[in-house]
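**Q** First, the structure itself, so that you have it in front of you.
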Amino acid sequence: MMFSTTMLAPAAVGVHYGDGEVDAFLSGFCITLLGGLILWLPVRRVRRDLRLRDGFLVVVLFWAVLSLFGAVPLYLADAPAMSFTDAVFESVSGLTTTGATVLTGLDTLPHAVLFWRQLMQWLGGMGIIVLAVAVLPMLGVGGMQLFRAETPGPIKNNKLTPRIRETAKAMWLIYVGLTAACVGAYWLAGMQPFDAVAHAFSTVATAGFSTHDLSMGHFDSALIETIAVVFMFLGALNFALHFAAWRSASVMPYGRDPEFSAFCLLVLLATSVSALFLFVSGTYSDPEAALIKSIFQVMSIGTTTGFTTADYSVWPSFLPMMLLLGSFVGGCAASTAGGIKVVRFTLLLKQGLREVNRLVHPSAEMPIKLGGRLIPSQVSQAVWGFFSVYVGLYIVMFLSMLALGMDELTAFSAVAACLNNLGPGLGEVASNMAAVPDAGKWILCLAMLLGRLEIFTLLVVLTPAFWRR
């Protein structure tokens, strides 16, 4: 019922600009409100704390059900004319902050539709922050127990307590504050107010939808690109760090965080390699241009935002694949970015090096530490489990896309772009996903949900053990 009210915003935008599709959003509002009312009325007097098992179910249903209802106005709209599959794909992509689209001709679409796509990403980004900072540490998903110490407010293992509201409120204030700052910066840099708000929504959410077919390249402004880089970077950082920095009025929490340091190092290395190769290969004759394009694309792909200022898919040699593979790492845990997350890759690397050293010193005790903290064995096991399931699911979906007749590069990049919540891929899906068959779009919808819900959150609900008393 609360979600239904968000559809009034694009309806108001449609009235303001007078270019249509107001009725589609008003109808979507009524359908969603009525659906919520039917579900709420029978249990309106029930008051009970959620247990962990309830938490898994609520998280999964939040994205699955709201994605279906978010597709309603898109399906009802005359422009663009979308099939049910395409409407659901666009809605799932928005709420999971993936940014993959089946639409073309964005510059001519009604403002109401454009605004709804951007708003869904912003709402999804807020949901992800609350999920990652307040809920996943309690559920123990994929090694996220690491962040119990950093999560604002006390945590209990047996149930999801009302103190989550305090955490959610703190994250909400930070998220809104970053968005407002991004809107102001874009506007001062020369964007029209509508574009400034729309792109701020997708920048802070590291989501990637744009109101123009050329994405950020439409504005052809180095200042706007710089602003986007800054806020993509901030969106890809652990929001618990933002909270700690805000509470202490100091940047020291960032400096003490090993994941932050590792993320900065990865971005620096990828940017240096890209800029050097683009200049040496003659793709850009000006070193400054090569550096600017590299910084933007590395930050955009590395944070799984998916904005573009240049068609990186046609860059020479290994660069497109290097950037795509970088999206598997993604941003920091408890951020709006997708991917496996930097902290998990750091732990995987440390564990791999430990096993090599054990071959030399088989009897030695070699605990794994991160930032001076001893990592419990159950966290290490959870990280390895997460990684193995992530890779296994990727292979299954990749083979499924090949079975539908897609070529290897397109299938590989489409699954990577959706599982990592990136958006643009390579090959036939470099600009949009319109070429993917309907069955493939449903597979990619599942990939987007799996990536956004950290794999285990969705898989556990599908197991028979979850439903046994």
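**Q** Any idea which of (1) closer than 18 Å to PHE260 by Cα; (2) touching a residue at least 60 places away in the same chain (Cβ under 8 Å); (3) assigned to a helix (DSSP H, G or I) is the one LEU349 doesn't satisfy?
**A** For LEU349, the exception is condition (2).
**Q** What residue, among those in the stretch 134-168 that are modelled with pLDDT of 70 or more and β-branched (Val, Ile, Thr), is nearest to PRO80 (Cα to Cα)?
**A** So, considering only residues that are modelled with pLDDT of 70 or more and β-branched (Val, Ile, Thr), the one nearest to PRO80 (Cα to Cα) is VAL135.
Rundown of residues vs (1) hydroxyl-bearing (Ser, Thr, Tyr); (2) touching a residue at least 12 places away in the same chain (Cβ under 8 Å); (3) more than 26 Å from VAL314 (Cα to Cα), yes/no style:
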residue	(1), (2), (3)
VAL383	no, yes, yes
THR410	yes, yes, no
ALA414	no, yes, no
ALA434	no, yes, no
ASP438	no, yes, yes
LEU444	no, yes, no
LEU450	no, yes, yes
LEU459	no, yes, yes
LEU462	no, no, yes
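**Q** Can I ask one more? In the stretch 80-88, is there at least one residue being hydrophobic (A, V, I, L, M, F, W, C), over 18 Å from PRO10 (Cβ atoms), surrounded by 16 or more Cβ atoms within 10 Å (Cβ to Cβ) and touching a residue at least 40 places away in the same chain (Cβ under 8 Å)?
**A** Within the stretch 80-88, not a single residue is hydrophobic (A, V, I, L, M, F, W, C), over 18 Å from PRO10 (Cβ atoms), surrounded by 16 or more Cβ atoms within 10 Å (Cβ to Cβ) and touching a residue at least 40 places away in the same chain (Cβ under 8 Å).
**Q** Another question about this same structure. Across the stretch 443-469, which residue is surrounded by the fewest Cβ atoms within 10 Å (Cβ to Cβ) among those that are of a type outside the set (A, V, I, L, M) and touching a helix residue (DSSP H, G or I) at 6+ places or on another chain (Cβ under 7 Å)?
**A** PHE466
**Q** Do you know which residues across the stretch 260-315 are of a type in the set (A, V, I, L, M, F, W, C) and more than 17 Å from VAL229 (Cα to Cα)? Can you show your working first?
**A** First, the residues of the stretch 260-315 that are of a type in the set (A, V, I, L, M, F, W, C): 260, 262-270, 273, 275-280, 289-292, 295-296, 298-299, 301, 307, 310, 314-315.
Of everything in the stretch 260-315, those that are of a type in the set (A, V, I, L, M, F, W, C) and more than 17 Å from VAL229 (Cα to Cα) turn out to be ALA262, VAL273, LEU276, PHE277, LEU278, PHE279, VAL280, VAL314, TRP315.
**Q** Being touching a Leu at 6+ places or on another chain (Cβ under 8 Å) and of a type in the set (Val, Ile, Thr) is the filter; apply it to the stretch 382-426 and report the residue that is surrounded by the most Cβ atoms within 10 Å (Cβ to Cβ).
**A** Taking the candidates together, the pick is VAL415.
So that you can scan it fast, the table gives a plain yes or no per residue for (1) polar (S, T, N, Q); (2) buried (at least 16 other Cβ atoms within 10 Å of the Cβ); (3) under 13 Å from ALA112 (Cα atoms):
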position	(1), (2), (3)
THR5	yes, no, no
VAL13	no, yes, yes
VAL46	no, no, no
ASP49	no, no, no
VAL58	no, no, no
ALA71	no, yes, no
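**Q** If you don't mind, there's one more thing I want to ask. When the residues of the stretch 212-256 are narrowed to those that are of a type in the set (S, T, N, Q) and buried (at least 21 other Cβ atoms within 10 Å of the Cβ), which ends up modelled with the lowest pLDDT?
**A** The selected residue is ASN238.
**Q** If we scan the stretch 358-370, do we find a residue that is surrounded by 12 or more Cβ atoms within 10 Å (Cβ to Cβ) and hydroxyl-bearing (Ser, Thr, Tyr)?
**A** No, that holds for no residue.
**Q** So which of GLY127, GLY184, GLY177 is surrounded by 18 or more Cβ atoms within 10 Å (Cβ to Cβ), more than 21 Å from ARG373 (Cα to Cα) and at pLDDT 65 or above?
**A** Unique residue meeting the criteria: GLY127.
**Q** Could you please let me know if GLY20 is on the phi > 0 side of the Ramachandran plot, in a loop (DSSP other than H, G, I, E, B) and surrounded by fewer than 19 Cβ atoms within 10 Å (Cβ to Cβ)? Steps first, please.
**A** Values: on the phi > 0 side of the Ramachandran plot: yes; in a loop (DSSP other than H, G, I, E, B): yes; surrounded by fewer than 19 Cβ atoms within 10 Å (Cβ to Cβ): yes.
Yes: the conditions hold for GLY20.
**Q** If the Cβ limit is 7 Å and pairs must be 6+ apart or interchain, which residue in the stretch 235-258 that is more than 20 Å from PRO137 (Cα to Cα) pairs with which residue that is among the β-branched types (Val, Ile, Thr) and part of a helix (DSSP H, G or I)?
**A** TRP246/ILE174
The values are calculated or read from the model by the stated rules, or taken from the named source; none is laboratory data. Note that this is a predicted model, so its numbers are computed, not measured. Don't worry about glycine lacking a Cβ; one is built from the backbone with ideal geometry, like all the others, and counts go over all protein chains shown.
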